[in-house]
Amino acid sequence: SLPFFIDEKDSFTEIPAKNTLTGYMIRNNKPILMKNEQIEELVRMSEIKDYGTPSKIWLGVPLKIKDETIGALVVQHYENENAYSERDLEFLEFVSNQIGLSIETKKAYDEIQIEKGYFEQLFENSPETIVLLDTEGHVIKVNSEFERLFGYTAKEALGKKIDDLIAPENVYKEAIAITEKVGKGEKVMVETIRQDKNGKKIHVSILGTPIEIGGGQVPLSQLTGA
């Protein structure tokens, strides 16, 4: 198919690229700068078939993402057989590399957005209480189950230290120790007691785990089940 096609002679939405000079270039995985005589020789050798208006000169480069060829970038001239040079070939290769990089970046961005959407759905719809904290124990984000179980709205909890919010006085030091351990990169599982906004004691199971990206620790999380 032809995602982008502008031509003064021909008009296509799809072409049988496998049998064209474009397909020949992609199969051989190398740039091509050819004049009409060379193109006609490939036709006579049945390497390609003749489609569209013959051009005086044809210039094309593979379009790649990393080492995978995903298409081609092609220009042609119908009147001047000296319209393009080796320098133009180098320039088109540079342009192709930039386009490939842009496609790769956009693809990576789309994948990140999909993963982010999955995470947000899992986070918000989890039947367990989930709290994201910074490494000092301040609340960054809570899910709706936290609001339901402990009575604090997300707005009320944001920026507060989690242990100041839900740790009863008699287990406060234990709670601080748990938060500090996770903040230092340890994983913690414990059965304990926490309290809601009104002081009601709640028996909970806490899983505290650090979150690492690229070898560095970012906000930690706590998963609490009543």
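The values are calculated or read from the model by the stated rules, or taken from the named source; none is laboratory data. Treat the numbers as computed from the prediction; the structure is a model and nothing was measured. Here the Cβ is made from the backbone with ideal geometry for all residues, glycine too, and neighbour counts use every protein chain on show. When the accessible area is computed, the model is the full protein with side chains, heavy atoms only, and any ligands, DNA or RNA have been set aside. Shrake-Rupley method; radii C 1.70, N 1.55, O 1.52, S 1.80 Å.
Annotations
- Of the accessible area of segment 119-221, computed with a 1.4 Å probe over protein heavy atoms only, carbon and sulfur atoms account for 53 percent.
- By the helix-only formula, in which each DSSP H run with n ≥ 4 contributes -39500 (n - 2.57) and the sum is divided by residues, the chain has a 222 nm mean residue ellipticity of -11500 deg cm²/dmol.
- Annotation: lysines with alpha-carbon distance below 20 angstrom to Lys66 (same-chain offsets under eight excluded): Lys30, Lys106, Lys107.
- Per residue, segment 91-162 exposes 65 Å² of solvent-accessible protein surface, assessed with a 1.4 angstrom probe and all protein chains in place.
- Formal net charge of residues neighbouring Ile103 (Cβ-Cβ distance under 12 Å; K, R +1; D, E -1): +1
- Under 20 Å of direct C-alpha separation, and excluding same-chain neighbours fewer than eight residues apart, Lys141 reaches these aspartates and glutamates: Glu115, Glu120, Glu124, Glu128, Glu156, Asp163, Asp164, Glu180, Asp196, Glu212.
- Charge dipole of segment 47-134 (Cα centre as origin; +1 on each Lys and Arg Cβ, -1 on each Asp and Glu Cβ, all else neutral): 260 debye, rounded to the nearest 20.
- Surface composition of segment 29-104: carbon plus sulfur atoms contribute 48% of the solvent-accessible area (1.4 Å probe, protein chains only, all chains present).
- Annotation for segment 80-174: trypsin sites (Lys or Arg not before Pro) lying in DSSP loop with at most 15 further Cβ atoms inside 10 Å of their Cβ are Lys160.
- Hull volume in cubic angstrom per residue (convex hull over the Cα atoms of the chain): 179
- Around Asn19: net Lys/Arg minus Asp/Glu count, Cβ-Cβ under 11 Å: +1
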